[in-house]
Amino acid sequence: MPTLIRLEGGRAVIAARDPFAEAPLDGPLPDGPAVLMPLARFQQQGPALLDEGLRIGVLLQPEEAVEDLAYDLPRLSMVALNLPKFRDGRAYSTAALLRQRYAFKGEVRAVGEVLREQAHLLARVGVDAFVFADGTTPEQLEAKLSLYRHVYQAASDARPPAWAERRS
Amino acid sequence: MYRYDQIDRDIVADRCAEFRAQVARRLSGELSEDQFKPLRLMNGLYLQLHAYMLRIAIPYGSLNSAKLHRLAHVARTWDRGYGHFTTRTNLQLHWIRLKDAPDILDSLAEVGLHAIQTSGNTIRNITSDPYAGAVADEVDDPRVWTEALRQWSTVHPEFSYLPRKFKIAVTASARDRTAVRVYDIGLKLRRNRDGALGFGVLVGGGLGRTPILGQTIREHLPAQHLLSYVAAILRVYNRHGRRDNIHKARIKVLVQSLGAEEFGRQVEAEWRAMDHAAVDLPDDELARIRGAFGAPAFEARPARSAAFEAAKAADPAFARFARRNVVAHKQAGYALVNIALKTPGEVPGDCSADQMDAIAELAARFSFDEVRLTYAQNLVLPHVALDDVPAVHARLAEIGLATPNLDLASDIIACPGLDYCALANARAIPIAQQIAARFADPELAEDVGELKIKISGCINACGHHHVGHIGILGVDKRGEEFYQLTLGGEADGDAAGDRSRLGDLLGPALPYARVAEAVEAVVGAYRRARAPGERFVDTYARVGLQPFKEAVYADAHPA
Amino acid sequence: MKALTANRLDDGDVVFWCEGRWVRRFADAELFAESGPAEAAAALARAQPTVVVDPYLIDLEEADGVLVPVAFRERVRALGPTIHPDLGKQAEGGAVIRAMQAATGAARSAGRLGLIRKK
């Protein structure tokens, strides 16, 4: 069972258990109160399942457009972004759009080849849950996230950009 | 020039600390080479043929004496006492040890220098006009906007893992000194008929395997929206640029496949949906940055300098230097002095630590503490009183850098090539040296006139060969170095219009030993064919390839 | 004939395999006549990711009685920049260095293309 680390109130915390059971593209749904499913399956069954009260997370591949989810986002509990390679930067734009354009309030989870050295950037674009591929601990994640004392840009987090800090 | 405040210093210091930890994790084996490589690249560190190479950013090509002295110190302490200035206004040190890199970056950070995003699939060091703030025809100081871009692009959370590298240039004069059309984004600052400041936005330029000139997607972007519009371009590219094939991953391929019009439409849609206020700098921050680029405290001087005129009359070498390398300044009684790092026999763009120190002293004493770097791998003292030019020339002559060859045949752009570079197929530097030797006679060089020879040791085109009047590309033929010549390229423009074009292939590749004589033959054909006042590229445009082909291949024998 | 080369991780220096160790000079490199032992050495080298980066085998050929790397690129690595004879390993001199430099000269002359094969 891979470790899920969530950012909660500025702290990195290991989730005691992950409520989301992963559903494949087709076949029977796993039991449980929450399901993580691929976009294609969500587009077929998702709205009906949401109506039944199931909590749903959608797994987006890097080439999949977040725009396709826009209508249903307010009812989704979680969006998982797959990074098949850590060098594939598309998830960063997807996360930024989720938070900045669609004001998505649920969990944005990074899965795949998620490594510590990219964590601070992922957090800035709006990722608040990590399934690390390199065994990064909550302490190591917190250290990485606090490494830069200032930032130059506004992003999905609340950090003031340098120009705003200079005003104060 | 812009001086770092505590925030800027902290960001660079934190980056140094981050990279120090990453190097330690790599040396201990905690990070694999595959995981570490993008991290070291985005800190300017390549593994080349003989050692690591560190590429240090010179943002918009602007240095002061403290920075140049520090570069000299670093070259002396951790390298072999010299560095190589590049076509993208960086300095490369070729003999770096990985384990020293964190200490080097700490030392650079003390004077506000760094190697952040000088490589990797990131927004690279941004280039601008080396004559900024010194020439009369600029509509605004481009450095204000370049510095805004520098800050915005540094450690950008969304755009640090792009499909491929991303280069931006900003120019503010009708006369283009940045090669703006060969950039991923080229920004041309101009005023519209109402006098409002805005940017002409070009996208999709680039050299390399698929050379393409940038195309305009926006004629006049209101200047205050620069950052949000660039962010919109980057977001479209980050999402839709190809990631399956490294050779098709640059933005130019996306622009080509969509068409500039459709690409521009997508950018406009993205930009309109964006929260501009979150991205664009507010007026007070722009004013703060602008304040850093105020004019130096020029003295009131007569337009004509008796000392300058007397030196020209007395010394033909100085007169030639004044004619070739000294450029009119917007301030009466001042000039820009170009220092060509192109002494025949030396390595184009190379500068020894001693030379760096000497130039830094000249800048401090004679040029309001400023030095600029040009994309032709030369330096400029941008604000020298005409009265002081003879003294500057005398000192440059002492350090071997007074060659009066700016824009002439021996002012050659050359990448490091196979003498250093792990990507190269062939050497570039010795070819440049052989050609420069044939045009070392200043009389001959001046008679030939403006001739921009550009040499790349591989298809990646760091030497900009596609836009050379004579371009030379090294290729590998069965393990041996061969060279393709192209003619008629140009990356230039002025008030009369943009003249950028890609060169045409002359004919079959030539072996190493025949390149310099072939260039000489091409120049000979030009001198026979030219009409009065025509530059090489003008004659080429009029007569075409044929006379040059005949000159190079007529007596060709099977190699 | 083959030799095994890489760049050392901590300083980037060009190194060659010699019976389980890495040596700086091509003249000290182990030369493999058979591909089996060469591949076995390469496998051992690849298992040292904290010592070297990207080890690989190079082809050698005889030039004036001395075995030198076939590819011009590999000779530059073993020597140093051709424009700076005072820098890199070539500065140390010696018979093998001289043979590689002579081979470089031969590669440049149009008459002896056959000396250099595809790397």
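The values are calculated or read from the model by the stated rules, or taken from the named source; none is laboratory data. As the structure is a prediction and not an experimental result, all values here were calculated from the model. Glycine gets a Cβ as well: all are built from the backbone with ideal geometry, and neighbour counts include every protein chain shown. These accessible areas exclude ligands, DNA and RNA; they are computed on the full protein's heavy atoms, side chains included. Shrake-Rupley method; radii C 1.70, N 1.55, O 1.52, S 1.80 Å.
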- In peptide B:158-166, what is the residue-averaged number of other protein chain Cβ atoms found within 10 Å of each Cβ? 5
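Across the residues of C:49-57, average count of Cβ atoms on other protein chains within 10 Å? Present the calculation step by step, with values, prior to reporting the outcome.
Numbers: counts 6, 7, 1, 1, 7, 3, 0, 0, 0.
Across the residues of C:49-57, the mean count of other-chain Cβ atoms within 10 Å is 3.
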- When the helix-only estimate is applied to the protein assembly as shown (DSSP H runs of n ≥ 4, each -39,500 (n - 2.57), divided by the residue count), what is the mean residue ellipticity at 222 nm, nearest 500 deg cm²/dmol? -10000 deg cm²/dmol
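How crowded by other chains is A:143-156, given as the mean number of beta carbons from other chains within 10 Å of each beta carbon?
Numbers: counts 1, 2, 0, 1, 5, 8, 6, 8, 6, 12, 13, 6, 5, 2.
Mean number of neighbouring Cβ atoms from other chains: 5.
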- Tell me, what is the Rg over Rh of the range B:118-205, with Rh the Kirkwood radius over Cα pairs? 0.99
- Projecting the Cα atoms of B:Tyr183, B:Ser107, B:Pro508 onto the charge dipole of chain B, where Lys and Arg contribute +1 and Asp and Glu -1 at Cβ, the residue farthest towards the positive end is B:Pro508
- Query: With axes computed from alpha carbons, what is the tilt in degrees of helix A:39-51 against the longest principal axis of chain A, rounded to the nearest 10 within 0 to 90?
  - Reply: 80 degrees
- Between B:Ala414 and residues 5 or more places away or on another chain, the pairs with built amide H atoms under 5 Å apart involve B:Ile455
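Among B:Thr77, B:Thr403, what's the order by accessible area (1.4 angstrom probe), most exposed first?
Numbers: B:Thr77 75, B:Thr403 30 Å².
Descending accessible area places them as B:Thr77, B:Thr403.
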- Message: In whole Hz and in residue order, list the ³J(HN,Hα) couplings for the range A:148-156 that follow from phi through the Karplus curve 6.51 cos²θ - 1.76 cosθ + 1.60, θ = phi - 60°; x for Gly and Pro.
- Response: 8, 6, 9, 9, 8, 10, 6, 9, 7
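Order of B:456-465, A:107-116 by packing, highest average Cβ count within 10 Å first? Mind showing how you got there, number by number?
Working: B:456-465: 25.1, A:107-116: 21.9.
By packing density, highest mean first, the sequence is B:456-465, A:107-116.
In the structure shown, do any of B:Lys452/B:Lys477; A:Lys105/B:Lys165; B:Lys312/B:Lys452; B:Lys167/B:Lys454; B:Lys248/B:Lys454 have a Cα-Cα gap over 22 Å, and if so which? Don't skip to the end; give the middle numbers.
Numbers: B:Lys452/B:Lys477 26 Å; A:Lys105/B:Lys165 33 Å; B:Lys312/B:Lys452 26 Å; B:Lys167/B:Lys454 19 Å; B:Lys248/B:Lys454 24 Å.
As for pairs spanning more than 22 Å Cα to Cα, those are B:Lys452/B:Lys477; A:Lys105/B:Lys165; B:Lys312/B:Lys452; B:Lys248/B:Lys454.
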- Note on the structure: Most packed first (mean Cβ within 10 Å per residue), the peptides B:315-328, B:477-490 order as B:477-490, B:315-328
- What is the set of long-range amide H partners of B:Asn425 at a cut-off below 5 Å, with H atoms built 1.01 Å from backbone N? B:Cys458
- ³J(HN,Hα), Karplus 6.51/-1.76/1.60, whole Hz, each residue of the range B:283-296, x for Gly, Pro: 4, 5, 6, 4, 5, 4, 5, 4, x, 6, 10, x, 5, x
- Looking at the range A:1-83, which trypsin sites (Lys or Arg not before Pro) are DSSP coil and have at most 11 other C-beta atoms within 10 Å of their C-beta? A:Arg17
- Message: Using the crude model of +1 on Lys and Arg Cβ and -1 on Asp and Glu Cβ, and no other charge, please compute the dipole size for the range B:6-109 relative to its Cα centre, in debye to 20.
- Response: 300 debye
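By its C-alpha gyration tensor, with a ≥ b ≥ c as the square roots of the eigenvalues, how is the range A:5-167 shaped: rounded for a/c under 1.5, else prolate for a/b larger than b/c, else oblate?
Numbers: a/c = 1.99, a/b = 1.60, b/c = 1.24.
Since a/c reaches 1.5 and a/b is larger than b/c, the shape of the range A:5-167 is classed as prolate.
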- Message: Within chain C, which is the longest segment that contains none of the GluC sites (Glu not before Pro) sitting in a DSSP loop with at most 16 other Cβ atoms within 10 Å?
- Response: C:35-119
- Exposure rank, largest accessible area first [C:Lys2, B:Lys167; 1.4 Å]: C:Lys2, B:Lys167
- Query: Along the charge dipole of chain A, Cβ charges K/R +1 and D/E -1, which of A:Gly135, A:Ser168, A:Ala95 sits furthest on the positive end?
  - Reply: A:Ser168
- Query: If you roll a 1.4 Å probe over the protein assembly as shown with all protein chains in place, what percent of the accessible area is carbon or sulfur?
  - Reply: 51 percent
- Item | Residue of A:Ala154, A:Ala129, A:Ala12 that the Gaussian network model of chain A assigns the largest fluctuation, springs spanning Cα pairs under 10 Å | A:Ala154
- Lone Cys, chain B, Cβ cut-off 4.7 Å -> B:Cys16, B:Cys351, B:Cys421, B:Cys458
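Which of the three applies to the range B:275-399, rounded, prolate or oblate, going by the alpha-carbon gyration tensor with a ≥ b ≥ c and a/c under 1.5 meaning rounded?
On the way: a/c = 2.61, a/b = 1.53, b/c = 1.70.
In terms of gyration-tensor shape, oblate.
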- Query: Residue by residue through the range B:20-37, which ³J(HN,Hα) values in whole Hz follow from phi under the Karplus form 6.51 cos²θ - 1.76 cosθ + 1.60 (θ = phi - 60°), with glycine and proline marked x?
  - Reply: 4, 5, 5, 4, 4, 5, 5, 5, 7, x, 5, 9, 7, 4, 4, 6, 7, 3
- Sort the following peptides by mean Cβ neighbour count (other Cβ atoms within 10 Å, averaged over residues), highest first: B:61-73, B:497-509. B:61-73, B:497-509
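For the protein assembly as shown, what class follows from the C-alpha gyration tensor (a ≥ b ≥ c being the square roots of its eigenvalues): rounded when a/c is under 1.5, otherwise prolate if a/b is larger than b/c, else oblate?
On the way: a/c = 1.79, a/b = 1.28, b/c = 1.39.
In terms of gyration-tensor shape, oblate.
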- Message: 5 Å is the cut-off here: which amide hydrogens, built 1.01 Å from N in the peptide plane, fall below it relative to B:Gly479, excluding neighbours closer than 5 in sequence?
- Response: C:Lys119
